[in-house]
Amino acid sequence: MSNRSYIEVENISKIYPGADIFAVKDLSLSIDKGEIYGLLGPNGAGKTTTISILCSLLAQTTGNVYIDSTDLYANVNKIRKIIGVVPQDIALYPKLTAKENLMFFGNMYGIKGSLLKNKIHYYLEYFGLINKINKRIDTFSGGMKRRVNLIASILHKPEILFLDEPTVGIDVQSRNVIIEFLHELNKKGTTIVYTSHHMEEAQNLCSKIGIIDKGDIIAEGSPDQLLKKNCNCKNLEDVFLHLTGRQLRD
Amino acid sequence: MILKFFASVRKEAILMLRDKAGLAILFVMPMALILIMTLLQDNTFKALEENKIEILLVNKDSGTLGKAIHKGLTEADFFQITDKLEDDTLTEKSAYKKVASGAYQMAIVIPEGATDYIQQVVTHKINTQLPGLQEPVEEDTKIDLTKGVNVKIFFDPVTKNSFKQSVHSALKEFTSKIEAEMAFNIYGKLFKDMFEIEVQQPESFSSIITFTEEYATNLNSKIIPNSVQHNVPAWTLFAMFFIVIPLAGNIIKERESGNVLRLKTMPGSYTAVLLGKLSIYLIICIIQAALMIAIGVYILPLFGLPSLMLGTNLFALFIIVLAAALAATGFGVAIGSIATSHDQASIFGAVSTVILAALGGIWVPVFIMPEVMQQISILSPLNWALNGFYDIFLRDSGTLDIMPYVIKLMIFCIVSIGVSYFYNKFNRSIS
Ligand SMILES: Nc1ncnc2c1ncn2[C@@H]1O[C@H](COP(=O)(O)OP(=O)(O)OP(=O)(O)O)[C@@H](O)[C@H]1O
Ligand SMILES: [Mg+2]
């Protein structure tokens, strides 16, 4: 028990119903408390599948997931209270305003009243959206939606935050404020697991990186370790291409 | 759990109020349908209800025959007798013209002196039966036995044969009654003259053999609703079941947007959220019903239609509305769970609602459907609910009487939700 990491994934596999190949195959990884773990891989590598299993959205076909030394599926409700999930697709109601969306998701986490209102104001202020508080989400730009999508997942101060490509398709300004925020959150003790296609961003942000391809981790370590192991590489992108090849993916 | 439920109710209420087009479909469409269909079908239903043949009666006879025919035709349920025109010019000629112009389906002309003539013929016949008992009839008053009484009947050429037949037989019945009555009177007088016996007049000469007719239907109902009593509940139910389209659409949109995924990573079950959603749609259904019924009571009379009589059991009415609303929302959840896209849900929702409505007797009332269709109509939940409404409106049934329908609707709701639960469990990879 005690030698398990904060998040311990043991040999998980996943086959989607009707699919003929494994989306994730015999994948193991471990993440320590307070870490920022980056899951990098080409399209279809199994990042979303892995993160969905970790955040209790998807049941693995085989294997085990332990969070804080307890089996995830035996204690789903307990663990769901301490995790936050930022989905790859914007998961907000387009016809509701930013405030209405955040009120709703806050309530869903059991937060209410002035505490919730203060949090909403605080985060909208932080992400530069306070003047849009009563505007509908369908009037927001992609970057604005991403920011609200993130806020909706942190209102309950999760101990672990899972983010699936939180910076995809947004401008440098939005990206910077999100990365900056994740740094701060991590300093306050939140463990972060995130996926990205952006190598430079991951290299700067993450304390540990797992490179995933065809449903399994093919290399794991701190950015420096990965660069050292593949000594000819100048940056993470070279490592990535070196490991995963140049062939196009589905 | 409570907080989740109310947050969900609040969210759905806001979404619903912002969806102006959806609200319009849910409320304006059925209001228009009720008004149009009720007006369109008003005459059809009246015909069903009354089914009376309009007859002009020109009675030139002042005796008992004329009176008896008039009385008999009036008392028979299927004739509508007119013996006076507005300008008071009812003659054989004008009657002929009225029928020719199609204003009346038929006219009956009873000739002058018909009663007297029959009286004479009957007397003559009795005299020849019992010769010598009566003073001989003088030559100049001798009657022409071959002449007969000629009651003329003018028919509109489009009149159905069965209608002609029924008029003929009715007339024959009255005239033979009259003949019998006269013969009886003469014999009575005879007995008195000969034996000084006072013969008691029977009070009426009604037939000994009578026929009763009834419509044999599975509804065990002789009560046929009028246009308002049918169309108001029918289109109310149609509108209530139409809610499956926005409801299924809502469920699919939420699923596609990934909001369901987000909700499922949260502690506690998704059920509270779903229940909140259902409550709003349930409330919409009940508001729809209240509005449609109010239209039946207050608006339709403004268009010259009869007002909707609600019966005395408003609680029973509420129960059937609630049961129908639950069945409709349950159906919506099932479609929302099984359909894979918004379009699929809209099409399947619309088509299945229309089919269930047609089968259930919303468009064409069940009691005028062919026998086979009447049997099939029992399968539609809209039919159960509609029968519940009929019972309350037409028979003044109470909550207990409509329970069979309520229970069927509840079972339909539970089965629908069960189907979607198991479908989600086994066919979607979300735990
Ligand atoms: N619901 C599903 N049903 C069947 N197969 C699926 C499903 N979701 C994903 N897959 C398959 O599983 C594999 C892994 O997909 P996944 O979404 O985890 O990849 P990813 O690394 O997140 O890709 P991307 O970078 O494009 O987001 C892919 O081959 C994909 O086609
Ligand atoms: Mg993905």
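Give me the percent of DSSP beta bridges within the stretch B:55-195 that run antiparallel, rounded to the nearest 5. Roughly 35 percent of the beta bridges in the stretch B:55-195 run antiparallel, per DSSP. Put in line by how crowded their Cβ is, counting other Cβ atoms within 10 Å and starting with the fewest, B:Ser337, A:Ser28, A:Ser52 read A:Ser28, B:Ser337, A:Ser52.
Largest mean-square fluctuation among A:Gly169, A:Gly18, A:Gly143, in a Gaussian network model of chain A whose springs join Cα atoms under 10 Å apart, belongs to A:Gly18.
Listed values for the stretch B:118-124 are Karplus-derived 3J(HN,Hα) couplings in whole Hz (6.51 cos²θ - 1.76 cosθ + 1.60, θ = phi - 60°), namely 4, 3, 5, 4, 5, 4, 4, and x replaces Gly and Pro.
In the structure displayed, which of B:Lys4/B:Lys277; A:Lys157/B:Lys264; A:Lys47/B:Lys253 lie more than 19 Å apart, Cα to Cα? Please report the intermediate quantities before stating the final value.
Numbers: B:Lys4/B:Lys277 11 Å; A:Lys157/B:Lys264 17 Å; A:Lys47/B:Lys253 24 Å.
Violating the 19 Å limit, Cα to Cα: A:Lys47/B:Lys253.
The C-alpha atoms of chain B define a longest principal axis, and helix B:64-75 lies at about 10 degrees to it.
Within chain B, what is the longest stretch that has no GluC sites (Glu not before Pro) placed in a DSSP loop and near at most 16 other beta-carbon atoms within 10 Å? The reported range is B:215-431. Taking every alpha-carbon pair within the stretch B:55-195, the share separated by more than 24 Å comes to 40 percent.
Size of the dipole of chain B about the Cα centre, Lys and Arg at +1 and Asp and Glu at -1 on the beta carbon, nothing else charged, in debye to 20?
Numbers: 34 positive and 38 negative charges, 672 e Å.
My answer is approximately 3220 debye.
Going from the fewest other Cβ atoms within 10 Å to the most, the residues B:Cys285, B:Cys413 appear in the order B:Cys413, B:Cys285. Across all directions, the average projected area of the convex hull around the alpha carbons of the stretch B:232-353 is 8.7 nm².
Size of the protein assembly as shown from its Cα atoms: along the principal axes, largest to smallest, the extents are 150, 47, 46 Å.
When chain A is treated as a Gaussian network with alpha carbon springs shorter than 10 Å, the biggest mean-square fluctuation among A:Ser141, A:Ser153, A:Ser174 belongs to A:Ser141.
Here the scattering of the stretch A:180-250 is modelled by Debye summation over its C-alpha atoms, one equal scatterer each and no solvent; at q = 0.12, 0.13, 0.16, 0.23 Å⁻¹ the log10 of I(q)/I(0) is -0.34, -0.40, -0.59, -1.08. For the options A:Lys145, A:Lys187, A:Lys47, a Gaussian network treatment of chain A with springs between C-alpha atoms closer than 10 Å singles out A:Lys187 as fluctuating the most. Across chain A, Cα pairs under 8 Å and at least six residues apart give a relative contact order of 27 percent.
Applying the criteria of a DSSP loop state and at most 10 other Cβ atoms within 10 Å to the chymotrypsin sites (Phe, Trp or Tyr not before Pro) of the stretch B:298-370 yields no site.
In chain B, Cα pairs under 8 Å separated by at least six residues give a relative contact order of 19 percent.
Across all C-alpha atoms in the stretch A:122-250, the radius of gyration and Dmax reach 16.7, 52 Å. For the stretch A:1-109, dividing the convex hull volume of the Cα atoms by the residue count gives 139 Å³ per residue.
In chain A, the C-alpha radius of gyration followed by the widest Cα-Cα span (Dmax) gives 18.3, 56 angstrom.
Once the convex hull of all Cα atoms in the stretch A:126-184 is built, its volume per residue stands at 91 Å³. Across the alpha-carbon atoms of the stretch B:1-44, the computed radius of gyration and Dmax are 17.2, 54 angstrom. By the count of other C-beta atoms within 10 Å, a proxy for reagent exposure, A:Asp20, B:Asp396, A:Asp224 are ordered fewest to most as A:Asp20, A:Asp224, B:Asp396.
What area, in nm² and to one decimal, does the C-alpha convex hull of chain B cast on average over all directions? All intermediate terms of the calculation are to be shown ahead of the outcome.
Numbers: hull surface 121.0 nm².
For the Cα atoms of chain B, the hull's average projected area reads 30.2 nm².
Remind me, relative contact order of the stretch B:55-195 in percent, using alpha carbon pairs under 8 angstrom and six or more residues apart? Walk me through the intermediate numbers first.
Working: 137 pairs, mean separation 44.9, N = 141.
Taking the mean separation of contacting Cα pairs over the length of the stretch B:55-195, I get 32 percent.
Every read-out reported here was derived from the displayed coordinates using simple, explicitly stated rules and does not represent laboratory data. It should be emphasised that the depicted structure is a prediction, and the values quoted were computed from it without experimental measurement. As a convention, Cβ positions derive from the backbone with ideal geometry for all residues, glycine included, and neighbour counts pool all protein chains shown.
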